[in-house]
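Before any comments, here is the structure.
The values are calculated or read from the model by the stated rules, or taken from the named source; none is laboratory data. What you see is a predicted model; the values in this text were computed from it and never measured. Cβ sites come from the backbone with ideal geometry, for glycine too, and all protein chains shown count toward neighbours. The protein model used for the area step is the full one, side chains on, heavy atoms only, and it has no ligands, DNA or RNA in it. Shrake-Rupley method; radii C 1.70, N 1.55, O 1.52, S 1.80 Å.
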Amino acid sequence: LGLHGGGVETVKFLARVGAKVTITDLRDKKKLAPALLSLKKCKTVKYILGKHRKKDFLHTEIIVKNPGVLPDSPYLKIAKNAGIPVTSDVGIFFKNFPGEIIGVTGTRGKSTTTYLIWKFLRQKYKNKVHIGGNIRKSVLPLLAKSGKEDLAVLELSSFQLEDLAQEKF
């Protein structure tokens, strides 16, 4: 689930499209309280907090991992060895965004550069340009309001790029 909002938006998106969602996080209910409060309206979500269970990584169709979860997680290895696909919110976005995506990555200046590109493009394309990614703005809510003519300017961390490298497009 995580602490910075991306997990919350991922759960809301998946619940909105009718997925059965199980959240598993090593953090307990107390540490995740703000995120859990944001999900109060998502009634069909199952929570496994403070631990991970092997069965939750085996009895599922897909795993959407938080970018903060290391790729060598033993639980992700269990899923991958069982043939369970592992993706991320950015992976879902890349597969479903109908327009063009501009990705910004690097060591320093990603947020500023992402913002400036977004701001410049909005001068010409107005509401057809969206911003998101590692700048603490989840990408999945953008899918509901985007068309083929839209542009998405995304700040992408090295972790998000590593997750994308595992995707099949």
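Considering only protein heavy atoms, what is the solvent-accessible area of Lys55 at a probe of 1.4 Å, reported in Å² to the nearest 10?
110 Å²
Farthest toward the dipole's positive end in the chain, which of Tyr47, Gly7, Ile131, given Cβ charges of +1 (Lys, Arg) and -1 (Asp, Glu) about the Cα centre?
Farthest towards the positive end: Tyr47.
Too long at a 18 Å Cα-Cα cut-off: which of Lys95/Lys145; Lys20/Lys43; Lys20/Lys148?
Numbers: Lys95/Lys145 15 Å; Lys20/Lys43 10 Å; Lys20/Lys148 29 Å.
Beyond 18 Å: Lys20/Lys148.
Can you run the Rg to Rh ratio on region 1-106? Use alpha carbon positions and the Kirkwood inverse-distance Rh.
Working: Rg = 14.1 Å, Rh = 14.7 Å.
Across region 1-106, the Cα-based Rg/Rh ratio is 0.96.
Taking the Cα centre of the chain as the origin, how large is its charge dipole in debye, to the nearest 20, when only Lys and Arg (+1) and Asp and Glu (-1) carry charge on their Cβ atoms?
Numbers: 31 positive and 14 negative charges, 138 e Å.
Around 660 debye, computed over the chain.
What whole-number value in Å² describes the accessible area per residue of region 1-73 for a 1.4 Å probe?
Working: 4800 Å² over 73 residues.
Spelled out: the 1.4 Å probe surface of region 1-73, per residue, equals 66 Å².
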